[in-house]
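*Asks:* This is the structure I want to talk about, given as structure tokens.
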Amino acid sequence: MHFELFVSLRYLLAKRRHAFISLITLISVAGVAVGVMALIVVLAVMNGFQHDLRDRILGVTSHAVIGHFQGTFGTYREVLKDIEAEEGVAAATPFVLTQVMMNSGKAISGAILRGIDPESAPRVTRLEQSLLQGTLPSLLGPPSEASPSERPSPGIIVGVELAARLGVNVDDYVTLVSPTGQTTPAGRVPKSQLFRVVGLFKSGMYEYDNTLVYVHVRDAQRLLGIGDAVNGIEVKVVDIYAAAQVAEKLQKKLGYPYWVRDWMQMNHNLFSALKLEKVVMFIILTLIILVAAFNIVSSLIMMVMEKTKDIAILKAMGATTHKVRRIFVFEGLLIGVVGTFLGLAGGFGLCELLKRYQFIELPRDVYYISTLPVRMEPLDVVIIACAAVAICLAATFYPSKQAAKLHPAEALRYE
């Protein structure tokens, strides 16, 4: 063991004349531990919220979206082949998107109508996993050879919040009114069509559950009168974190008049706000460790005053200025390392308790989840540990410098 480390341990563990200094040292260790534990738990909860939110968003939307500057395009089948041939693309599906009015006979509400292909959509989004009632194949409807008299109304899948506002359930009927309408001798009039509710979905995101409805892409085309055209193509990539790179390659491949946006661009404001909040919370909670660092400074300064005679004897025996400085640097560093270790252990333990027993419940009418989600990121743990030790190390500079400046003759003159 190094001489400086040996003396540091003796100073920390030995019984002191002034118990008050030992108390401040214990408070310093506890302060670092509490600060590290608070950072671990808070950032783990924020990571859990961000991860859960991302999963819910990607459960309804795709990893990337390809659109056309003219709004609709009829060459989507050729574009689909080009997209699926691109490296990094797992699957793709066309969609039609528009705003409609819904009338259930009990209430009227605006909605976002999304026409999807029930055969290819499950390979791109996780909408099927969000269904509470019904299935996506129910949107396929009857065989095309069925006579008009035998062909029932086309199916529609409605979000649970929107269904509750309209007072509808499975097998009820709603009328969709397209604002684009159709041209008649009397001018342009809204076009309407009767749909049968064949399913309800719950994504966990209020904005989606309260506004989105799904129909077959063929029925959406018929309602809007756009023929065999779509508004865009949804794309699923192999690696969601490489979505931006895949989107950039697709943009270069397709060129104008197509545009490509990945899921991070489409939700940029939301995830930027979450990231900013995480950084701010890290800075605020780091203040707890800074308070503990001030305690370390106080403890070391008083220890230098208490150990004046010892320092003088060590220097008289040949200890250099740098060795004396390192004694107190090691002492403060040991306080920081022990506090950080205890904080990491406490943080991991509390996160595991939150994850396993979920004893903190959230009000369902405010949050989209009922318990705190917890997700620990290794990078966050490393940054927290390094920041805590670095702050404690910085706190040792002044006391160790003062100890190193001590002159042996002056210290021993009055002893």
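*Asks:* Hey, can you tell me all the residues within the stretch 98-115 that are of a type outside the set (Gly, Ala, Ser) and surrounded by 15 or more Cβ atoms within 10 Å (Cβ to Cβ)?
*Replies:* 98, 100, 101, 102, 103, 112, 113, 114
*Asks:* I'm told residue 119 meets every condition in (1) closer than 19 Å to residue 219 by Cα; (2) modelled with pLDDT of 90 or more; (3) surrounded by fewer than 22 Cβ atoms within 10 Å (Cβ to Cβ) except one. Can you identify the failing condition by its number?
*Replies:* (2)
*Asks:* Which condition breaks for residue 48 when tested against (1) surrounded by fewer than 20 Cβ atoms within 10 Å (Cβ to Cβ); (2) modelled with pLDDT under 90?
*Replies:* If we test residue 48 against (1) surrounded by fewer than 20 Cβ atoms within 10 Å (Cβ to Cβ); (2) modelled with pLDDT under 90, just (1) comes out false.
*Asks:* In the list 13, 39, 53, 5, which residue meets the criterion of being within 27 Å of the chain's Cα centre (by Cα), modelled with pLDDT under 85 and either open to solvent by 30 Å² or more (accessible area, probe 1.4 Å) or hydrophobic (A, V, I, L, M, F, W, C) (or both)?
*Replies:* It is 53.
*Asks:* Residues to consider are 249, 323, 236, 253; find the one that is modelled with pLDDT under 85 and of a type outside the set (Phe, Trp, Tyr).
*Replies:* Exactly one residue qualifies, and that residue is 323.
*Asks:* Could you say which residue among 174, 260, 189 is in a strand (DSSP E or B) and open to solvent by less than 10 Å² (accessible area, probe 1.4 Å)?
*Replies:* None of the other options fit; the residue is 174.
*Asks:* Take the stretch 311-337 and flag every residue that is surrounded by fewer than 17 Cβ atoms within 10 Å (Cβ to Cβ) and assigned to a helix (DSSP H, G or I).
*Replies:* Answer for the stretch 311-337, where residues must be surrounded by fewer than 17 Cβ atoms within 10 Å (Cβ to Cβ) and assigned to a helix (DSSP H, G or I): 313, 316, 321, 322, 323.
*Asks:* Between a residue in the stretch 57-80 that is at positive phi and among the small types (Gly, Ala, Ser) and any residue that is open to solvent by 10 Å² or more (accessible area, probe 1.4 Å) and at pLDDT 90 or above, which pairs come within a Cβ distance under 7 Å, given they are 6 or more apart or on different chains?
*Replies:* From residues that are at positive phi and among the small types (Gly, Ala, Ser), the pairs are 71/231.
*Asks:* Same structure, new question: From the list 251, 265, pick out the single residue that is surrounded by 16 or more Cβ atoms within 10 Å (Cβ to Cβ) and without any contact (Cβ under 8 Å) to a residue 40 or more places away in the chain.
*Replies:* After applying the criteria, what remains is 251.
*Asks:* With more than 20 Å from residue 32 (Cβ to Cβ) and either in a loop (DSSP other than H, G, I, E, B) or at pLDDT 80 or above (or both) as the only criterion, which of 383, 391, 369 stands out?
*Replies:* The unique qualifying residue is 369.
The values are calculated or read from the model by the stated rules, or taken from the named source; none is laboratory data. If you're wondering where the values come from, they're calculated on a predicted model, not measured in any experiment. Glycine also receives a Cβ, built like all others from the backbone with ideal geometry; neighbour counts cover every protein chain displayed. Calculation scope for accessible area: heavy atoms of the full protein, side chains included, ligands and nucleic acids excluded. Shrake-Rupley method; radii C 1.70, N 1.55, O 1.52, S 1.80 Å.
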